[in-house]
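See structure below.
Nothing in this text is a laboratory measurement; each read-out follows from the coordinates by a stated rule. Note that this is a predicted model, so its numbers are computed, not measured. Positions of Cβ are backbone-derived with ideal geometry, glycine not excepted, and every protein chain shown enters the neighbour counts.
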């Protein structure tokens with residue numbers, strides 16, 4: 001996210017300033033994101049899979065609560081596996097707590113300042129291969145994993161990015177994040193990384209294109225949970 | 001095992017430096033953007049923060065479920081043991097096991113790559129290590145709760161299956177490239 005956003009943040013406010021009428025009228029501001037994003041999603045067959053709704057939320061939180069109880073009981077009784085699990089969970093949580101606020105604030109700023117027409121032009125249905133390349137660059141410079149990529153993908157879709165391009169972004173955020181790549185090169189050698197990139201990126205773009213095109217025809221949309 | 005333990009302090013400090021640099025960059029960038037935004041328009045900046053908070057809070061239930069799954073996976077399948085046991089079998093079996101573990105667990109790259117490097121030095125094939133690290137990066141059973149909240153379970157499963165196939169192709173080509181299959 002680093003270079004990409006710093007580059008755009010310099011340009012974006014100006015862009016948005018030139019078109020003050022761009023997003024205010026008709027409630028097309030960023031706030032309409034969830035009703036606008038939810039309604040089309042509800043039309044999908046998604047409801048059948050029973051996910052993401054209130055029930056799913058309650059189940060998730062119940063499982064977490066039980067897990068915390070389990071860890072607390074293990075800590076009290078000295079059950080080693082439970083304590084180890086608590087430690088694992090804690091260290092993972094800590095990393096996330098450090099990364100997430102910064103990443104989400106950047107997503108919020110992107111949502112408010114980047115005008116729709118720019119996203120549409122570069123990442124929309126007519127963007128072709130360049131759209132995929134932009135997304136690989138954006139994903140490569142991002143921090144965090146899928147849990148940052150998905151909210152970002154929602155925002156991009158709301159602003160007019162096409163589904164094939166979005167699937168490339170999601171895939172690429174696993175494949176080519178810069179910090180991971182640096183680790184990989186330093187421990188596995190550059191050849192290993194180059195082979196991986198040369199094989200996975202074209203296949204990713206191809207599969208995203210096929211999957212995205214099919215789903216777009218069916219009217220599929222990402223929804224904020 | 002001993003070799004791994006000796007290596008660990010180095011990995012930790014390297015990792016800590018990397019994490020610190022990333023964090024500093026992230027927060028310097030975020031701070032600068034936020035400052036610029038506030039100078040331009042206070043109202044819009046407040047709106048941006050509100051959006052950030054809303055998106056974050058909606059992610060919390062699915063995210064905490066993922067944390068628990070990761071916690072369980074990391075506990076039941078200790079990463080060092082998996083990697084230690086990859087070498088002994090035939091290359092195809094080992095690659096299969098590696099891909100399975102890579103899909104299920106969520107070992108951070110800063111642990112997985114250094115260990116893979118050590119294991120390669122011990123004679124484990126690149127193809128096996130590629131199957132492991134590539135599925136680790138591309139296929140996420142533990143992140144399914146997060147993913148299905150955004151796309152629904154069917155699309156999430158299909159996307160992960162496709163990723164698994166891609167990862168296996170990558171591993172195969174890696175094996176071919178390094179001449180490990182003949």
Given a Förster radius of 30 Å and the C-beta distance between residue A:73 and residue A:98 as r, what FRET efficiency does 1/(1 + (r/R0)^6) yield to the nearest 0.05?
-> 0.60
If B:32, B:74, A:66 are placed from fewest to most neighbouring beta carbons inside 10 Å, the sequence is A:66, B:32, B:74
For a label point 7 Å from the Cα of residue B:72 along Cα→C-beta, name the residues of the range A:68-88 whose backbone N is under 20 Å from it.
-> A:68-75, A:79-88
For the pair residue A:55 and residue A:218, how long in nm is the line joining their label points, each one 7 Å along Cα→Cβ?
-> 2.0 nm
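Per Stokes-Einstein, at 20 °C and 1.002 mPa s, what whole-number D in µm² s⁻¹ belongs to the range B:2-176, with the Kirkwood radius over Cα pairs as the hydrodynamic radius? Mind showing how you got there, number by number?
Numbers: Rh = 18.6 Å.
Calculated translational D: 115 µm²/s.
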Using only the Cα atoms, work out Rg/Rh for the range A:47-100, with Rh taken as the Kirkwood radius, to two decimals.
-> 1.12
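Just want the ordering: B:106, B:127, B:18, A:135, from fewest to most Cβ atoms lying within 10 Å of their own Cβ.
Working: B:106 21, B:127 24, B:18 14, A:135 28.
The order, fewest Cβ neighbours first, is B:18, B:106, B:127, A:135.
Please rank B:38, A:187, fewest neighbouring Cβ atoms within 10 Å first, as an exposure proxy.
Details: B:38 14, A:187 22.
Fewest-to-most ranking of B:38, A:187: B:38, A:187.
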At q = 0.14, 0.17, 0.22 Å⁻¹, work out log10 I(q)/I(0) for the range A:114-225 with the Debye formula, treating every Cα as an identical point scatterer and leaving solvent out; two decimals please.
-> -0.55, -0.79, -1.20
